[in-house]
Each structure stands twice: as structure tokens, then as C-alpha cells.
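Read-outs: derived from the displayed coordinates by stated rules, not from any lab. Computed from a prediction, not measured in an experiment: that's the story for all the values here. Cβ placement follows ideal geometry from the backbone for every residue including glycine, while neighbour counts extend to all protein chains displayed.
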Amino acid sequence: MDERVGLMIKQNPELKQKKVTTHINVCTNRNMIKAEAHAFPNLRLTDLLNSSDNFLPLTNAIIYDLDSQEEITRTSFVVINKSVISMVFEE
């Protein structure tokens, strides 16, 4: 483990807590993304969206064109700017 990461966890033990994976769909004005969001236990999806972070990190994402519904790409990690999100729902 990187020394800086170890120090960060030592100073913030809550960072070592396991996260819960939620399968979600995120819609923007151009795309729909099916992916996994990760949050601490007992944290609701709305809490994740209302956090002060401007970006929403997602894993195992499949990105579709919203109009044609054709798959554009698959990626193991993507970050979405929350300002472009029009709708989010759990699968």
C-alpha cells in the first residue's frame, strides 16, 4: 500500500470501511449509463448525489446512446459530472 494512502486511512479510519455496491442507471441529455455506484453502508443514493463532490465515480459501466439505445462502450471506470445528470435510478 502506498505510504500516503496508509497515512490517510490512519488519520480517517472510516475510509477503511467496506462500501456497498448499488447497480444504477444514470441518464444525461445524450446517454444512459448502466453501472455500479459505491457508498458506505446506510448511505442512500440521494446522499451520494447530494454530497459536495462534483463528480460521481462509477465502475463496470456500459454507456448507451439515449436516442438509438445502441451501446457505445464499456469501461471499468468512469466519472460523471453531476451537473449533466438528469435522472438516476436503481436497478
Label zone at Asn54, where the point sits 7 Å out along the Cα-to-Cβ direction: the range 60-91 residues whose backbone N lies under 13 Å: 80-84
Summed side-chain charge close to Leu58 - residues other than Leu58 whose Cβ falls under 10 Å, Lys, Arg +1, Asp, Glu -1: 0
Fully extended, how many nm does the chain gain between Asp47 and Ser83 (0.36 nm per residue separation, minus their Cα-Cα distance)? 11.4 nm
Once both label points are put 7 Å beyond Cα along the C-beta direction, the His38-Thr73 separation in nm becomes 2.0
Taking neighbour counts of Cβ atoms within 10 Å as a proxy for exposure, in what order, fewest first, do Met32, Met87 appear? Met87, Met32
For Cα extents along the principal axes in Å, pick the label among (1) 31, 29, 25; (2) 48, 25, 22; (3) 106, 33, 27 that corresponds to the value derived from the coordinates. (2)
Most exposed first, judged by fewest Cβ atoms within 10 angstrom, Lys19, Lys34 run Lys19, Lys34
